[in-house]
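Engineer: Sharing a structure, written as structure tokens. Questions coming.
Values quoted throughout were computed directly from the atomic coordinates according to the rules given, and no laboratory measurement underlies them. These numbers were taken from a predicted model, which means no experiment stands behind them. Using ideal geometry, Cβ is built from the backbone for each residue, glycine included, and neighbour counts are taken over all protein chains shown.
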Amino acid sequence: MNMSVDRTRDFGEYVPAPDDDIIICRCEEVTKGEIRRAVRDGMFNVHEVRRFLRCGMGLCQGQTCARLVRTLIARELGVPPGVLDEATGRAPARPTEMYVFANEKMEGI
Amino acid sequence: MNTSDVVIIGAGAIGSAAAYYLAKRGLSVTVLEKGACVGGGGSSRNGGGVRQSGRHSAELPLAMYGVKNLWPGLSDELGMDIEYYQEGNLRLGKTEAHMKILQGLTDSCAAGGLDMCLIDQKQAREICPYLSEDVIGAGWCPTDGHANPMLVTLAYYRAARRLGARYITGAEVTRLRKLRGRVSEVVTADGEVYSAGSIAVVAGYDSRKLLASVGLDIPMSPILMECIVTEEAPHMFWQMLGTAMADFYGHQSKHGSFVFGGAHGYEPYAAYDGGTRGASISVPSTCRAIIGYFPVLRGLKIVRSWAGWLDDCADHIPVMDNPRETPGLTIGCGFSGHGFGISPVAGALLADLASGETPTLDVSKFRYDRFRAKI
Ligand SMILES: Cc1cc2nc3c(=O)[nH]c(=O)nc-3n(C[C@H](O)[C@H](O)[C@H](O)COP(=O)(O)OP(=O)(O)OC[C@H]3O[C@@H](n4cnc5c(N)ncnc54)[C@H](O)[C@@H]3O)c2cc1C
């Protein structure tokens, strides 16, 4: 069962961090500050932040930044990162051309 | 503490749109979502089509109302870009048999007042020059389009939350409760009770289980549909695409990736086990379909695939109603795989029903008790 989380929450005023401009997701160029603000805007887990900002949705599908993003969200929420789901891995494991998939046709049965 | 004007069960695009329109009227709203995520159901997994063409005659007025009155201003209204593009829908055909199907769809939509027509190969290629030469014609609806489903759902959530709607995720409702003849409480798996003057069930296929707790049933089946997304490509076209055979559909999104959905034919037989694992035959089948219409895309790389459940109603149109025998209850389910395109209008109508207002549009075709024996 999922942990019940009431999304009503007062985060207080946003305190900018000196490294808010640092890029966390290289593929989609999403910064730390954008992720922190998204959490305050109600995006309380990796899936929502990803859908909201596109971090982890580029060519590497979050293989580089997934952990970092989760840690940043957890820190903003004040919970241990382990409480949050990791991003879901999906096929294909590596980007694969459409014609390669299209060739996968079993003949004769 | 757990009392509000309205409780909505299900934080999909439609539940969240309803929450937003209710909160905007000043009502206190609690949204209960069983998943860890807002929009973890079909609402974040769909192909993003905002189509009027190809709609059932009962749904067409809703789709047309939404495209005219709600979609164009939605980014402004909700305060974020939901990536709505209204550049038309091409439904493609390669054979005379396909063109016959397209003619039928065009005629029925035109009868409902939609601006839609059949176009030939040359006209289709003028609209979208990347088409295969095998395409001999298309059904063309210039006012159709697409939007980003993940953003639409989150935008409604974000705006509703800003207006004070209380969202609780990880809150699985197990039953509805009647008090003195009125549906007025819901109970969650962890034993919490939420009470409200009005309760709306907008929980996709799982609405069925919830409705059973007050003796109602809607004939629906769960169907697992799959999508793929490609790497980013230079911008090529904005149209929404479909085919007479419905073997694939999709569009190029704002950031350049193509989002496609397809059907391999066994979707209704997927085991409804709480997961969303795709079938191994799905991506290959969708890729073959796409390449058949767009050979230029054959070298484009797929970066991700996923699946999502849809709540297919027996007659493929939703139920939106206040059942007579359950005062206090609003039902919104059975959107049958095309609920995203009408999510703003469906949310607005459910907000009307849940707050006792006369619905903005006629909803009599979506009654819960319309299912009759065939003989
Ligand atoms: C692959 C795919 C492609 C599609 N393509 C299109 C398209 O191009 N155009 C289009 O118009 N439509 C499309 N659709 C259909 C569209 O996604 C749905 O009709 C629409 O999202 C339905 O929205 P909803 O809010 O009713 O349902 P959902 O998004 O399914 O939301 C229901 C929510 O209720 C929650 N819930 C369930 N049970 C409980 C409970 N007991 N307690 C609390 N919460 C509960 C679920 O977790 C879920 O979050 C597609 C669907 C799929 C799966």
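Engineer: Tell me yes or no: at least one residue of region B:186-198 is more than 30 Å from B:ARG324 (Cα to Cα) and of a type in the set (Gly, Ala, Ser).
Structural biologist: No, region B:186-198 contains no residue that is more than 30 Å from B:ARG324 (Cα to Cα) and of a type in the set (Gly, Ala, Ser).
Engineer: How many residues, within region A:45-55, are surrounded by 23 or more Cβ atoms within 10 Å (Cβ to Cβ) and more than 7 Å from chain B (Cβ to nearest Cβ)?
Structural biologist: 4
Engineer: Answer yes or no as to whether B:VAL303 is more than 23 Å from the chain's Cα centre (by Cα), away from the ligand (no atom under 16 Å from the Cβ), crowded, with 22+ Cβ neighbours inside 10 Å and among the aliphatic types (A, V, I, L, M).
Structural biologist: On the way: more than 23 Å from the chain's Cα centre (by Cα): yes; away from the ligand (no atom under 16 Å from the Cβ): yes; crowded, with 22+ Cβ neighbours inside 10 Å: yes; among the aliphatic types (A, V, I, L, M): yes.
In short, yes.
Engineer: If you don't mind, another one. Would you pick out the residues in region B:22-57 that are of a type outside the set (S, T, N, Q) and closer than 19 Å to B:LEU102 by Cα? Steps first, answer last, please.
Structural biologist: First pass over region B:22-57, keeping only residues of a type outside the set (S, T, N, Q): B:22-27, B:29, B:31-42, B:45, B:47-51, B:54-56.
Within region B:22-57, B:GLY49, B:VAL50, B:ARG51, B:GLY54, B:ARG55, B:HIS56 meet the criteria.
Engineer: Continuing with this model, one more query. So which pairs qualify, if the first residue must be in region A:77-102 and within 7 Å of another protein chain (Cβ to nearest Cβ), the second must be of a type in the set (Phe, Trp, Tyr), the Cβ gap must be under 6 Å, and the two must be at least 6 apart or on different chains?
Structural biologist: A:ARG90/B:TRP306
Engineer: Kindly check whether there is at least one residue in region B:312-328 that is more than 10 Å from chain A (Cβ to nearest Cβ), under 27 Å from A:GLN63 (Cα atoms) and either assigned to a loop (DSSP other than H, G, I, E, B) or of a type in the set (A, V, I, L, M, F, W, C) (or both).
Structural biologist: As a first pass, look at region B:312-328 and keep what is more than 10 Å from chain A (Cβ to nearest Cβ): B:312-328.
From what is left, the residues that are under 27 Å from A:GLN63 (Cα atoms) are none.
No; the residues of region B:312-328 include none that is more than 10 Å from chain A (Cβ to nearest Cβ), under 27 Å from A:GLN63 (Cα atoms) and either assigned to a loop (DSSP other than H, G, I, E, B) or of a type in the set (A, V, I, L, M, F, W, C) (or both).
Engineer: When you scan region B:293-311, how many residues do you find that are at the interface with chain A (Cβ under 9 Å from one of its Cβ atoms) and part of a helix (DSSP H, G or I)?
Structural biologist: Number satisfying all stated conditions: 1.
Engineer: Please work out which residue is farthest from B:GLY197 (Cα to Cα), limiting yourself to region B:326-359 and to residues that are β-branched (Val, Ile, Thr) and in contact (Cβ under 8 Å) with a residue 60 or more places away in the chain. Talk me through it step by step, then tell me what you get.
Structural biologist: As a first pass, look at region B:326-359 and keep what is β-branched (Val, Ile, Thr): B:326, B:330-331, B:342, B:345, B:358.
This time we only want the ones that are in contact (Cβ under 8 Å) with a residue 60 or more places away in the chain, so: B:326, B:330-331, B:342, B:345.
Working: B:THR326: 12, B:THR330: 11, B:ILE331: 15, B:ILE342: 26, B:VAL345: 23 Å.
Within region B:326-359, the match that is farthest from B:GLY197 (Cα to Cα) is B:ILE342.
Engineer: Any chance you could count how many residues in region B:36-81 are within 18 Å of B:ARG158 (Cβ to Cβ), of a type outside the set (Ser, Thr, Tyr) and within 14 Å of the ligand (Cβ to nearest atom)? Give the derivation first.
Structural biologist: Filtering region B:36-81 down to residues within 18 Å of B:ARG158 (Cβ to Cβ) leaves B:36-41, B:43-44, B:70-71, B:73-81.
When the remaining residues are screened for being of a type outside the set (Ser, Thr, Tyr), the result is B:36-41, B:70-71, B:73-74, B:76-81.
Adding the requirement that they be within 14 Å of the ligand (Cβ to nearest atom) leaves B:36-41, B:70-71.
Residues that pass the stated criteria total 8.
Engineer: Let me ask you something else. For A:ILE23, all conditions in the list (1) β-branched (Val, Ile, Thr); (2) more than 11 Å from chain B (Cβ to nearest Cβ); (3) surrounded by 15 or more Cβ atoms within 10 Å (Cβ to Cβ) hold save one; what is the number of the exception?
Structural biologist: (3)
Engineer: List every residue pair whose Cβ atoms sit under 8 Å apart, with the two residues 6 or more apart in sequence or on different chains, where the first one lies in region B:274-292 and is without any contact (Cβ under 8 Å) to a residue 60 or more places away in the chain and among the charged types (D, E, K, R) and the second, anywhere, is outside any helix (DSSP H, G or I) and surrounded by fewer than 18 Cβ atoms within 10 Å (Cβ to Cβ).
Structural biologist: B:ARG288/A:LYS105
Engineer: Can you find a residue that is assigned to a helix (DSSP H, G or I) and surrounded by 17 or more Cβ atoms within 10 Å (Cβ to Cβ) anywhere in region B:161-168? So that I can check it myself, show each step before the final result.
Structural biologist: Kept after step one, since they are assigned to a helix (DSSP H, G or I), are these residues of region B:161-168: B:161-162.
Filter again for surrounded by 17 or more Cβ atoms within 10 Å (Cβ to Cβ), leaving B:161.
Taking every residue of region B:161-168 in turn, at least one turns out to be assigned to a helix (DSSP H, G or I) and surrounded by 17 or more Cβ atoms within 10 Å (Cβ to Cβ).
Engineer: Residues that are within 12 Å of the ligand (Cβ to nearest atom), in contact with a Ser or Thr (Cβ under 6 Å, 6 or more places away or on another chain) and closer than 26 Å to B:ASP206 by Cα, at least 3 per element: which strands (runs of 3 or more DSSP E) completely within region B:220-279 meet that?
Structural biologist: On the way: elements: B:220-230, B:240-243, B:248-252, B:258-262.
Qualifying strands (runs of 3 or more DSSP E): none found.
Engineer: Name the residue, out of B:ALA23, B:ALA13, that is surrounded by 23 or more Cβ atoms within 10 Å (Cβ to Cβ) and more than 15 Å from the ligand (Cβ to nearest atom). It would help to see each step written out before you state the result.
Structural biologist: Numbers: B:ALA13 fails: more than 15 Å from the ligand (Cβ to nearest atom).
Exactly one residue qualifies, and that residue is B:ALA23.
Engineer: Show the residue pairs that are 6+ apart or on different chains and have beta-carbon atoms under 6 Å apart, the first residue being within region B:198-209 and away from chain A (no Cβ under 14 Å), the second being within 7 Å of the ligand (Cβ to nearest atom) and part of a loop (DSSP other than H, G, I, E, B).
Structural biologist: Going by the 6 Å Cβ cut-off, the qualifying pairs are B:VAL202/B:GLY10; B:ALA203/B:GLY10; B:GLY204/B:GLY41.
Engineer: Restricting to region B:114-156, and then to whatever is more than 22 Å from the chain's Cα centre (by Cα) and small (Gly, Ala, Ser), can you tell me which residue is nearest to the other protein chains (Cβ to nearest Cβ)?
Structural biologist: The selected residue is B:SER132.
Engineer: On to the next question. Could you look through region A:57-67, keep only residues that are touching a Cys at 6+ places or on another chain (Cβ under 7 Å) and facing chain B (nearest Cβ under 10 Å), and pick out the one that is surrounded by the most Cβ atoms within 10 Å (Cβ to Cβ)?
Structural biologist: Here is the first cut: in region A:57-67, the residues touching a Cys at 6+ places or on another chain (Cβ under 7 Å) are A:58-60, A:65.
Within this subset, residues satisfying the condition of being facing chain B (nearest Cβ under 10 Å) are A:58-60.
Numbers: A:GLY58: 21, A:LEU59: 14, A:CYS60: 17.
Filtering first and then ranking leaves A:GLY58.
Engineer: Can you name every residue in region B:171-207 that is within 14 Å of the ligand (Cβ to nearest atom), among the β-branched types (Val, Ile, Thr) and part of a strand (DSSP E or B)?
Structural biologist: Across region B:171-207, the qualifying residues are B:VAL173, B:THR174, B:VAL186, B:VAL187, B:THR188, B:VAL193, B:ILE199, B:VAL201.
Engineer: Now for a different question. Here is a list of conditions, (1) surrounded by 13 or more Cβ atoms within 10 Å (Cβ to Cβ); (2) within 10 Å of chain B (Cβ to nearest Cβ), and A:ARG70 meets all of them except one; can you say which number that is?
Structural biologist: Against the list (1) surrounded by 13 or more Cβ atoms within 10 Å (Cβ to Cβ); (2) within 10 Å of chain B (Cβ to nearest Cβ), A:ARG70 comes up short only on (2).
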